[in-house]
Each structure stands twice: as structure tokens, then as C-alpha cells.
Amino acid sequence: MNILILGSGGREHAFAWKISQSPRCQKLFIAPGNAGTSKLGKNIPIDPTSFPEIGDFVVNNNVGLVVVGPEVPLAQGIRDYFDQRADLRSIPLVGPGKIGARLESSKDFAKQFMEKYEIPTAGYATFDQTQLAEGLEYIRGEQLPIVLKADGLAAGKGVVICETYQEAEQVLREMLVDSKFGQASAKVVVEEFLQGIEISVFVLTDGQSYKILPSAKDYKRIGENDTGPNTGGMGAVSPVPFADREFMQKVEDKIIGPTIEGLRKEGIDYCGFIFLGLINVKGEPKVIEYNARMGDPETQVVFPRITSDMVDLLLGAATGSLDQVDIQIDPRNACTVVMVSGGYPGSYQKGLVIEGLETPTDNLIFHAGTTDKEESVVTNGGRVLAITAFGNDTKQALDAAYGTIKDIHWDHAYYRKDIGKDLLSWPNKTLEASTD
Ligand code: AMP
Ligand code: GLY
């Protein structure tokens, strides 16, 4: 079958790498893709939010499965568009409709959903532009630090952890009154700060049954020891040592089960990935966010650990037959280290030639911000490559990934040297939950 992946990051390169291994995959297309995906399939210069163009491409190229990588086309309703067009309605597509994607595209919707279905999360209140005074008063009555979140999609910048009341008040004003994130901050969720270690858990569902994918921990800050501004992710490891059977059972019983059940009760026909951003508060998992897609760079460690045929899983999710598909996980540890352009997440140069990509390696080099230029691969974004390696423990995987990084060069390349370090002292006792 012909398969189309939408997106252009490391996540989509990892999708393409895994999907292209399936004997069921004939022609693979990636729109728009990057220099890495061009080696596995055909890059198509279509924007993932240009729905009519995508629809026409699907029909004209006999595409039998569409896999949506990023959140924006989901939030804008790509599934709804497919459902409305008679010639696309029957094409399997992995990704929820606009309403399901609201778990990610509206923090207030997600909080109300969790409240209704008693899913553990931080205490909160939501304020709109007419409620500035109430919001300011609420903040004063809460403990510090306090978390303010723009309701809508804000490219990962809409969450501010405030250490003082003055700061929180100013941020609330900026978001509500000065429309700092435009319509996305027309409502603001003010939330209790949760203290603990974060973990990302991924679920693939057809709306009825689900599979729990390997868990991962990502590293968001640009600087070592989690300092400096937030980025789109500087590295990830999988599995996460504290996500043992007991913890994962709690995640399944208290969070995953009620989430799937809640979506069903709401009449939301959810097909696709659910990414649970969790925090482990003294052994109890709590949700800090839902995303309606896979994570990046988590996919670059999660997908390599799935040994089952990915097309079977994706088609199962897209056609309501996921209960008939088995998921097998590689017990080894994986890590990925992201190499970024110097200056990222601020301004950076593009078009720099990347050297060393041809050096033989057992590890995986996933491309994100790269493009082909004449005979070379050049940088084309802030996050450029993610180097994934396996090991019998986290340390071995990290040593292998950093070994490969030494062979890769471009001017001003930067990467964190402490990915996974905080987990090295945990006993390696992970046994992830299985949902079969
Ligand atoms: P989000 O965009 O919701 O993923 O939030 C970005 C980051 O802010 C998260 O990855 C957490 O590190 C942090 N964060 C969000 N909500 C909370 C919370 N209630 N308590 C503590 N940290 C939080
Ligand atoms: N790694 C976090 C995200 O993809 O949003």
C-alpha cells in the first residue's frame, strides 16, 4: 500500500524509518519531509495544512494510509476535511478530528475533561478576557510557584512558571489584556505547580482499544542541568527507570483507561496517538498536558523500540481493529541526543554544510532541520539531527550516541552532554506495562 506521512521533523523521519521497514509499505511519501526522509521515500512539497492539495495528492497517488505527525493540521481539522470529501472518506488516516485534538489545542478543554472524568491533574481555574480581576484575586490566594498557561496552541511557549505574585500578575495581564499569544491567550489556565519528575507516556488508540507504547523522558531546556530557555527538545531516553510495573499500572488505571472511556462518553471518535505529559508526584502520576500526536524527540527513542510491524498498528488504529494487532517492545534502552544550530532556540544560521553523515555507524541518525543542496546535506532549522542509540542500560546507549556525534560536524553545532545523566543512579528495573 502507498503511505503518506505529513510533517518534516525528526519525528517524521523516525515514522518514515519505521514504516518503510514494513513489507506492507509500497510507495512512501512524506510531505514536506527533509533530507533524511528523502532517502526512504519521496518528499512532496505540500504544506500539511493545505488540505485540498493533500486530498488531491492522496487520490491521485492511490494512497491507502495517511499518518499525521504535527498538531497543527490536526487542530485545523484534517480528519474532518477527509470525512467531508466523498473521495477521501474511506482512506484510513491516523490522527483525531478537530474536537479530539482539543485535548491539545485547548488547555481549558483538557482540564474540564480531566475534572469530569476524575483524571489526576493539578488544581486549576480558567479566566477569560472579561475576568482579569477575578484572575488576579485567584492568584493571590494560591501557593507559589504558580503556573500560567495560554489556553490555545502557542508553539510550546504558552506555559510560564511564576515564582512571585508580581510576575504571575504581569503574565496574566500580558496574556489576557495584551494578547501576547493572540487568540491562544484569550483564555488562561492558572494551575497548581506540581513537584516531581516528568515522563511522557504514549498511547495509540482506535477509540475503543489501545496500545501503550514505550515511555520516555525528554529534556526540554537548552542548557545542561536543565537551565536556560525551553526548546523543542534536546534529547530523550526510553524506558524511564521509575516507570516500573506498579507506576505504569497506576497510569493505565487512573489515566489511560478513564481518558479513552471519557472520550467515548463524550462521543469523540478518537483515532490516533495520545501523548500524556505526566509528572510523578511521590509515586502518583498526574497529567500536566495531553497532546494529540507523538512527541519529538521522544518518537526517536519510542519507535525504534517497537519491534512489531508499524503499518499493522497504524492501520489497526485507523480502521478500528487495533485489538487484533499485537505490540512487541525491544527490552533494550534507547537514547537520542539532539544536535542543534548554534544560537537555537534564538536566531541561528541556515545552509551550513553537515559533514560526517556518511561515516558508518550502528546508530540511527534522524534528520529534522536539514535539506539537500547540490551534493551536500545542509542545515535548515534549529533542531538539525537526533542521534539514537541502543544499549543494555541507559549509560551504554548514551555512550554509543555520543560516540557517533563526535563524527558529525557543522559550524556552531551544539548539543547537551548531560542527556539521561539524572537517570543513571536509578536501578534499571523497568518492566513496561503491556495492554494485550
Ligand atoms: P506544557 O506546554 O503544558 O508541556 O508545559 C511545559 C512545561 O511546563 C512542562 O513540560 C513542565 O515542565 C512544566 N509544567 C507545566 N505544568 C506544570 C505544573 N502544573 N507543575 C509543574 N510544572 C509544570
Ligand atoms: N517533546 C515534547 C513535545 O513533543 O511536545
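For the stretch 272-403, what are the per-bin percents of Cα-Cα distances with bins 5 Å wide, up to the bin holding the maximum?
For the stretch 272-403, the pair-distance distribution reads 2, 9, 13, 15, 18, 18, 13, 8, 3, 1, 0.
Excluding same-chain residues fewer than 8 positions from Lys27, which aspartates and glutamates have a Cα within less than 17 Å of its Cα?
Glu12, Asp56, Asp309, Asp312
Would you mind listing how long the stretch 328-384 runs along its three principal axes, going by Cα atoms, in whole Å with the largest first?
40, 28, 17
Given the options Gly152, Gly257, Gly369, state which has the largest fluctuation in a GNM of the chain using a 10 Å cut-off (strictly under) for Cα springs.
Residue with maximal mean-square fluctuation among Gly152, Gly257, Gly369: Gly257.
Have a look at Arg305, Arg293, Arg24 and tell me which one the Gaussian network model of the chain (Cα, springs below 10 Å) gives the largest fluctuation.
Highest fluctuation of the listed residues: Arg24.
Using only protein heavy atoms and a 1.4 Å probe, report how much of Glu284 is accessible, in Å² to the nearest 10.
We get 60 Å² for Glu284.
How large is the translational diffusion coefficient of the stretch 130-183 in µm² per second when you combine the Kirkwood radius over alpha carbon pairs with Stokes-Einstein at 37 °C and 0.692 mPa s? Walk me through the numbers on the way to the answer.
Numbers: Rh = 11.3 Å.
Calculated translational D: 290 µm²/s.
Could you estimate the translational diffusion coefficient of the stretch 185-321 from the Stokes-Einstein equation, with Rh from the Kirkwood formula over C-alpha pairs, at 37 °C and 0.692 mPa s, in whole µm²/s? Show your work: numbers first, answer last.
On the way: Rh = 16.0 Å.
So the translational diffusion coefficient is about 205 µm²/s.
Starting from the Cα of Lys417, draw a straight line to each of the lysines and keep only those under 21 Å, dropping any in the same chain fewer than 8 residues away.
Counting by Cα, and skipping residues close in sequence, Lys417 has these lysines nearby: Lys217, Lys220, Lys395, Lys406.
Leaving ligands and nucleic acids out of the surface, order Asp418, Asp312, Asp372 by accessible area at 1.4 Å, largest first. Write down the numbers at each step before the final one.
Values: Asp418 15, Asp312 55, Asp372 75 Å².
Greatest to least solvent exposure: Asp372, Asp312, Asp418.
What spacing in nm lies between the two simple spin-label points modelled at Gln76 and Ile197, each 7 Å away from Cα in the Cβ direction?
3.9
So what's the gap between the Cα centers of the stretch 365-402 and the stretch 130-173, to the nearest angstrom?
Comparing the Cα centres of the stretch 365-402 and the stretch 130-173, I get a distance of 37 Å.
Given 0.36 nm per residue, what is the gain on full extension from Asp47 to Val59 after removing their alpha carbon distance, in nm? Provide the component values of the computation, followed by the final result.
Working: separation 12, 0.36 × 12 = 4.32 nm, distance 1.65 nm.
Once the chain is fully extended between Asp47 and Val59, it gains 2.7 nm.
Please work out how much length the chain gains when fully extended from Arg332 to Glu115, using 0.36 nm per residue of separation minus the C-alpha to C-alpha distance, in nm with one decimal. Don't jump to the answer; show the numbers that get you there.
Values: separation 217, 0.36 × 217 = 78.12 nm, distance 3.67 nm.
Contour length minus the Cα-Cα distance gives 74.5 nm.
Using r as the Cβ-Cβ distance of Ser179 and Glu137, and R0 as 22 Å, what FRET efficiency do you calculate, to the nearest 0.05? The partial results should precede the final answer.
Working: r = 21 Å, r/R0 = 0.97.
That pair, Ser179 with Glu137, gives E of 0.55.
Hey, which aspartates and glutamates would be in cross-link range of Lys421, C-alpha to C-alpha under 19 Å, not counting anything within fewer than 8 residues on its own chain?
Glu198, Asp218, Glu224, Asp226, Asp244, Glu298, Asp393, Asp399
What fraction of the DSSP beta bridges in the chain is antiparallel, stated in percent and rounded to the nearest 5? It would help to have the intermediate numbers written out before the result.
Working: 62 of 77 bridges.
Antiparallel: roughly 80 percent of the beta bridges in the chain.
Quick one: go through the stretch 58-78 and flag any residue whose amide nitrogen is under 18 Å from the point 7 Å out along the Cα-to-Cβ line of Ala86.
Once the point is set 7 Å along Cα→Cβ of Ala86, 59-60 turn out to lie under 18 Å by backbone N, inside the stretch 58-78.
Compute the distribution of all C-alpha to C-alpha distances in the chain, in bins of 20 Å from 0, and list the percent of pairs in each, rounded to whole numbers.
Result returned by the calculation: 26, 60, 14, 0.
For the stretch 101-248, what ratio Rg/Rh do Cα atoms give with a Kirkwood hydrodynamic radius? Kindly include the intermediate steps, with their values, before the conclusion.
Working: Rg = 16.7 Å, Rh = 16.9 Å.
My calculation puts Rg/Rh at 0.99.
Just how much of Glu266 is accessible, in Å², when a 1.4 Å probe is used and the result is rounded to the nearest 10?
Around 80 Å² of this residue is reachable by solvent.
Report, in deg cm²/dmol and to the nearest 500, the calculated mean residue ellipticity at 222 nm for the chain, where each DSSP H run with n ≥ 4 adds -39500 (n - 2.57) and the sum is divided by the residue count.
Values: 13 runs with 115 residues, N = 436.
Calculated from helices alone, the mean residue ellipticity at 222 nm is -7500 deg cm²/dmol.
Taking 0.36 nm per residue of sequence separation and subtracting the Cα-Cα distance, how much length would be gained by fully extending the chain between Gln324 and Val281, in nm to one decimal?
Values: separation 43, 0.36 × 43 = 15.48 nm, distance 3.48 nm.
Computed gain between Gln324 and Val281 is 12.0 nm.
Whole Å is fine, so just give me how far the alpha carbon centre of the stretch 50-75 lies from that of the stretch 205-222.
23
Of the candidates Asn43, Asn60, Asn380, which one comes out as most mobile in a Gaussian network treatment of the chain with C-alpha springs shorter than 10 Å?
Asn60
When the Cα atoms of the stretch 1-79 are enclosed in a convex hull and the volume is divided per residue, what value in Å³ results?
Values: hull volume 5.9 nm³, N = 79.
It comes to 75 Å³ per residue, whole-number rounded.
Put Trp410, Trp17, Trp426 in order of accessible area, largest first, 1.4 Å probe: what do you get?
These residues rank, largest area first, as Trp426, Trp17, Trp410.
So what's the stretch 370-416 giving for Cα Rg divided by 2.2 N^0.38 Å, two decimals?
Compared with the compact-globule rule of thumb, the stretch 370-416 sits at 1.35.
For the stretch 1-148, count the residues as N, evaluate 2.2 N^0.38 Å, and divide the Cα radius of gyration by that value, please.
Values: Rg = 20.0 Å, N = 148, 2.2 N^0.38 = 14.7 Å.
Scaled against compact globular proteins, the figure is 1.36.
What is the Cα convex hull volume of the stretch 238-295 when expressed per residue in Å³?
Details: hull volume 5.0 nm³, N = 58.
So the per-residue hull volume is 87 Å³.
Work through the residues other than Ser321 whose Cβ is under 13 Å from its Cβ and net out their charges, Lys, Arg +1 and Asp, Glu -1. Spell out each step's value before the answer.
Values: positive: Lys211; negative: Asp206, Asp312, Asp323, Asp326.
Within the 13 Å Cβ shell, the charges total -3.
At a Förster radius of 30 Å, what calculated FRET efficiency corresponds to the Cβ-Cβ distance of Glu375 and Gln170, to the nearest 0.05?
Details: r = 52 Å, r/R0 = 1.72.
Calculated value: 0.05.
The values are calculated or read from the model by the stated rules, or taken from the named source; none is laboratory data. Everything quoted here is computed from the prediction, not taken from an experiment. Positions of Cβ are generated from backbone atoms using ideal geometry, with glycine treated the same way; all protein chains shown enter the neighbour counts. Accessible surface is based on the protein model in full, side chains and every heavy atom, while ligands, DNA and RNA are left aside. Shrake-Rupley method; radii C 1.70, N 1.55, O 1.52, S 1.80 Å.
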